[in-house]
1. Distance from the Cα centre of the range 49-103 to that of the range 158-178, in angstrom?
2. Could you work out what % of the accessible surface of the chain is carbon and sulfur, using a 1.4 angstrom probe and leaving DNA, RNA and ligands out of the count?
3. How large is the accessible surface per residue of the chain, computed with a 1.4 Å probe and reported in Å² as a whole number?
4. For Kirkwood radius over Cα pairs in Å, the choices are [x] 18.6; [y] 21.0; [z] 21.7; which was calculated from the structure?
5. Which whole-Hz ³J(HN,Hα) couplings does the range 69-75 yield from phi under the Karplus relation 6.51 cos²θ - 1.76 cosθ + 1.60, θ = phi - 60°, glycine and proline marked x?
6. Before rounding to the nearest 500, sum -39500 (n - 2.57) across all DSSP H runs of length at least 4 in the chain and divide by the residue total; then give [θ] at 222 nm in deg cm²/dmol.
7. Would you mind putting 212-219, 9-16 in packing order, based on average other-beta-carbon counts within 10 Å, highest first?
8. Leaving ligands, DNA and RNA out of it, rank 36, 135 by accessible area with a 1.4 Å probe, largest first.
Amino acid sequence: MKWNIRELKARASALAEAHRPAVRRVVLLYCGVLAVMTLGSSGLSMYLDSRIGTTGGLDGMGLRSILQTVQEILLFANLYFGPFWSAGFLAAMIGLVRGRDPENRDLTEGFRRFGRILGHIACEWLISLGLAVAVGTLAGFLFAGAGDPAVPLLAAFALYAVWYGCLFYKFRLSLYLVMTQPMGAVQAHFLSAQLTQGHKWQLLKLDLSWWWYYVLLAAAVTVGDLNGL
């Protein structure tokens, strides 16, 4: 089945307008909590860095160890909060598509499905790791005789980018299935591969139509990385 991107966007806009107060409330709550978590963790991490810098010598070893442990826990918590919180936002938007007002409690749906979301994250990580190993091995074999060591590295990067892009759209619907169906992450990935058969190019065009969003996202991530240096 073919679908028109403009029609999809028009339908989405109409739904958002019909449920405008609820959508605005949920979006503001989602963005606000995410901003507080990101800025708060960055500020606390900088404060801990300043405190760690003053605990030199053997006398400060115990305090320095505690502060470093707190910093690592903070980093871990901030790293894993995002996927579960974003899964909740996805649940709210799925509710909108189904014709009901998105609710604030929808944002915690990712935490209520903790095991399934964690399994989804693990599947994505294993797929990326397996792909990296396979691509690295293949590039090393094909370009083993290259005089410049950068050649196999660049070839591996190019192969990984293309292959990962194909797999990304193959499993694009896996998180949606985990959030809407009584199934685990592995089953969701297999079903996603079936549902996206013949539709990967349409999904890519849909993403390209939101190019400005991804540019802003990349800029925000870059600024966050620079602040963390």
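The values are calculated or read from the model by the stated rules, or taken from the named source; none is laboratory data. Since we're looking at a predicted model, the values are computed, not measured. Note: ideal-geometry Cβ built from the backbone for every residue, glycine included; neighbour counts use all protein chains shown. Just so you know, the surface numbers come from the protein's heavy atoms only, side chains and all, with ligands and any DNA or RNA stripped out. Shrake-Rupley method; radii C 1.70, N 1.55, O 1.52, S 1.80 Å.
1. What the calculation gives is 26 Å, centre to centre.
2. Within the chain, the accessible surface is 70 percent carbon and sulfur.
3. Ligands and nucleic acids excluded, the result is 66 Å² per residue.
4. [y]
5. For the range 69-75, the Karplus curve yields 5, 4, 5, 5, 5, 4, 5 Hz.
6. Result for the chain: -27000 deg cm²/dmol, rounded to the nearest 500.
7. Working: 212-219: 10.0, 9-16: 12.6.
So the peptides 212-219, 9-16, ranked by packing, come out 9-16, 212-219.
8. Details: 36 105, 135 5 Å².
Output order, biggest surface exposure first: 36, 135.
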